[in-house]
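**Q** Shown below is the structure under consideration.
No value in this document is a laboratory result; all are computed from the given coordinates. Computed from a predicted model, the values in this text were never measured in an experiment. Every residue, glycine among them, receives a Cβ derived from its backbone with ideal geometry; neighbour counts consider all protein chains shown.
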Amino acid sequence: MKILVTGGLGFIGSHTVVALQEKGYEVVIIDNLSNSNLSVLDGITKITGRKPIFEQLDLRDKPALVDFFNRYDDIKGIIHFAASKAVGESLEKPLLYYENNLTTLIYLLQQMQEKTIHNFIFSSSCTVYGEPESLPISEQAPIKPALSPYGNTKQIGEEIIRDTAKAYPQFNSIALRYFNPIGAHSSAAIGELPLGVPQNLIPFVTQTAAGIREQLSVFGDNYPTPDGTAIRDYIHVVDLAESHVAALERLLNSRQKDNFEVFNIGTGRGSSVMEIINTFETVNDLKLNYKIVDRREGDVTAVWADTGLAEKELGWKARLTMEDALRDAWQWQQKISSK
Ligand code: UD1
């Protein structure tokens with residue numbers, strides 16, 4: 001069965017392609033290579049022994065997209081990762097973010113109506129919850145005004161899909177709200193390839209350990225948490241990838257309770273920045289050069305997921321540990337640094 005994965009050469013996309021292929025799905029990837037690399041195709045092929053079909057295409061190019069769906073008329077489901085994701089950049093270039101993340105979503109949904117493709121999975125984010133009122137966060141927690149255009153594209157994206165689902169009863173959709181994906185495939189054949197200076201914690205940690213960055217800045221140690229550093233729910237990207245297969249199978253087997261559903265995808269466990277640093281040092285037997293600096297604007301204190309709904313409805317649960325993720329992330333960093 002053919003599944004389209006947009007952004008399939010990206011960090012989460014590539015691991016999801018592997019998970020799909022391992023379950024026997026035939027994958028077609030669309031990617032514009034704006035924040036990814038063709039070499040990822042080789043990494044995927046090395047793991048699964050099967051090269052996915054690849055189409056270099058920018059989803060903003062509507063005629064090209066129409067042409068794509070004319071050529072591939074047997075796609076049964078779409079997993080839509082392709083989007084811009086840098087919070088800081090989105091504040092500087094809001095229109096680019098709205099164009100990249102929302103017009104492309106609309107074009108895809110239009111093509112799905114046109115071609116009667118019914119199954120859609122959307123990459124959303126726990127960023128929609130903002131600073132939560134209680135923890136762990138369930139899917140019922142209120143959506144807070146977004147702090148960045150990036151975060152807003154995830155909220156608006158969900159609304160666009162919800163409205164589409166209302167208008168077209170035959171359309172089936174799931175939004176997965178990711179917590180913080182980290183790690184890499186244990187084979188070190190694929191992983192995260194950040195462009196420029198990493199904004200996220202783990203690639204900054206691994207690049208510091210590799211000597212690419214001199215020092216990691218820990219953003220704030222005066223949060224109201226046990227050790228004063230902020231808490232997140234870090235999930236191994238391989239677990240996260242598998243949640244997409246579970247969501248897809250729910251769609252394909254008509255197990256949905258509503259034709260637009262939302263699930264938190266995390267581990268249910270919160271870890272502080274200092275816990276991450278200490279664990280990274282322990283599992284990889286090295287020392288990390290870091291210093292405490294001021295808080296980063298827009299960061300929330302603590303976020304972790306209530307994963308009960310995903311467990312019950314998707315039959316999915318994270319099985320890898322933070323230790324696994326930090327080991328795999330370091331193994332991946334060493335591999336790309338040695339090239
Ligand atoms: C960030 C985005 C979020 C987005 C996600 C995508 C912000 C405010 N949030 O999440 O909207 O969905 O990335 O991956 O940018 N930290 C350091 N030093 C660093 C980097 C990070 O101490 O050099 C800390 C942060 O303060 C935070 C934690 O590490 O407490 C995780 O940060 P990060 O990896 O950037 O993820 P989020 O901020 O949770």
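**Q** Springs between alpha-carbon atoms under 10 Å, Gaussian network over the chain: tell me which of Val283, Val40, Val245 tops the mean-square fluctuations.
**A** Val283
**Q** Show that you can apply the helix-only estimate: for the chain, add -39,500 (n - 2.57) for every DSSP H stretch of four or more residues, divide by all residues, and state [θ] at 222 nm to the nearest 500. Please report the intermediate quantities before stating the final value.
**A** Working: 11 runs with 126 residues, N = 339.
Per the formula, -11500 deg cm²/dmol.
**Q** Extension gain Ser186-Asn222, at 0.36 nm per residue separation less the Cα-Cα distance, in nm? It would help to have the intermediate numbers written out before the result.
**A** Working: separation 36, 0.36 × 36 = 12.96 nm, distance 3.48 nm.
9.5 nm is the gain from fully extending Ser186 to Asn222.
**Q** Any idea what the dipole of the stretch 238-313 comes to, in debye rounded to 20, about its Cα centre with Lys/Arg Cβ at +1 and Asp/Glu Cβ at -1?
**A** In debye, rounded to 20, the stretch 238-313 gives about 60.
**Q** I've got another one for you. Taking the Cα centre of the stretch 1-121 as origin, sum charge times position over the Cβ atoms of Lys and Arg (+1) and Asp and Glu (-1), and report the length of that vector in debye to the nearest 20.
**A** 300
**Q** Shifting gears a bit: Peptides 5-15, 144-154: what's the order by average Cβ count within 10 Å, highest mean first?
**A** Ranking, from highest mean packing down: 5-15, 144-154.
**Q** To continue, here is another question. How large are Rg and Dmax for the stretch 181-264 when calculated on the C-alpha trace, in angstrom?
**A** Rg, Dmax (Cα atoms, Å): 17.7, 51.
**Q** Another question, then. If I take R0 = 56 Å and measure r between the Cβ atoms of Arg162 and Ser337 in this structure, what FRET efficiency does the formula 1/(1 + (r/R0)^6) give, to the nearest 0.05?
**A** Efficiency at R0 = 56 Å is approximately 0.85.
**Q** To continue, here is another question. Using a Gaussian network model on the chain with a 10 Å cutoff between Cα atoms, which of Gln56, Gln207, Gln140 fluctuates the most?
**A** Result: Gln140 has the largest fluctuation of those listed.
**Q** Quick check of the Kirkwood formula: for the chain, what is the inverse mean of 1/r over all pairs of different Cα atoms, in Å?
**A** Averaging 1/r across every pair of different Cα atoms and inverting gives 20.3 Å.
**Q** Another question, if that's okay. Got the relative contact order for the stretch 195-248 handy, in percent, Cα pairs under 8 Å and 6 or more residues apart?
**A** Relative contact order here is 15 percent.
**Q** Oh, and also: Distance between Cα centroids, the stretch 116-133 to the stretch 234-281: provide it in whole Å.
**A** Here the answer is 12 Å between Cα centres.
**Q** Treat every Asp and Glu Cβ in the chain as -1 and every Lys and Arg Cβ as +1, leave all other atoms uncharged, and give the resulting dipole magnitude about the Cα centre to the nearest 20 debye.
**A** 520
**Q** Additional query: Please give the length that would be gained between Arg255 and Asp285 if that part of the chain were fully extended, namely 0.36 nm times their separation in residues minus their C-alpha to C-alpha distance (nm, one decimal).
**A** Values: separation 30, 0.36 × 30 = 10.80 nm, distance 4.56 nm.
So the chain would gain 6.2 nm between Arg255 and Asp285.
**Q** For the stretch 188-339, how big is Rg over Rh, using alpha carbon atoms and the Kirkwood form of Rh?
**A** Result for the stretch 188-339 is an Rg/Rh of 1.01.
**Q** Please report the antiparallel percentage of the DSSP beta bridges confined to the chain, to the nearest 5. Don't skip to the end; give the middle numbers.
**A** Numbers: 2 of 42 bridges.
Looking only at bridges with both residues in the chain, the antiparallel portion is about 5 percent.
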